[in-house]
Amino acid sequence: GPSEEEIEAARLAERRRAEEEARENAIVTRSIDCPQSMVGRIIGKGGETIKGLQAQSGAHVAIDQNVVEGEPRKINISGATK
């Protein structure tokens, strides 16, 4: 059968593969500021633009509209790293 070293090497290789897979499947969220005057262009008519961005990228795009008048809106983009 396999030696102790071979068994340990196989365990280490499997652990590294699992860690790499977890990193690849991780959900990442980024937040950016958007001038209030540009929010409508990101959303698009009937939400068309934002829906297209989400469909093409696989990410979820959320715009926080609960901001003081004149302050930039926060756009949160979440998606898998792959």
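At a glance:
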read-out	value
Sequence-separation-based contact order of the chain, relative, with Cα cut under 8 Å and 6+ spacing, percent	37
For the chain, accessible area per residue (1.4 Å probe, heavy atoms of protein chains only), Å²	78
Qualifying GluC sites (Glu not before Pro) in region 1-41, DSSP loop, other Cβ atoms within 10 Å at most 10	none
Additional length obtainable on full extension of the chain from Met38 to Asn66, 0.36 nm per residue less Cα span	8.5 nm
Over 14 Å [Cα-Cα, region 1-66], rounded percent	73
Farthest toward positive dipole pole in the chain [+1 Lys/Arg, -1 Asp/Glu at C-beta], among Ser37, Gln56, Ser3	Ser37
Carbon/sulfur fraction of accessible area - the chain, other protein chains in place, 1.4 Å, %	53
In Hz, Karplus ³J(HN,Hα) per residue of region 39-49 (6.51, -1.76, 1.60; θ = phi - 60°; x = Gly, Pro)	4, x, 5, 6, 5, x, 5, x, x, 4, 5
Residues whose placed amide H lies under 5 Å from that of His60, excluding near-sequence neighbours	Ser78, Gly79
Inter-label distance for Lys74 and Leu53, nm, one decimal - labels placed 7 Å from Cα along Cα-to-Cβ	1.6
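The values are calculated or read from the model by the stated rules, or taken from the named source; none is laboratory data. These figures come from a predicted structure and were not determined experimentally. Cβ atoms come from the backbone with ideal geometry, glycine included; neighbour counts cover every protein chain shown. Keep in mind that these areas ignore ligands, DNA and RNA; they rest on the heavy atoms of the full protein, side chains included. Shrake-Rupley method; radii C 1.70, N 1.55, O 1.52, S 1.80 Å.
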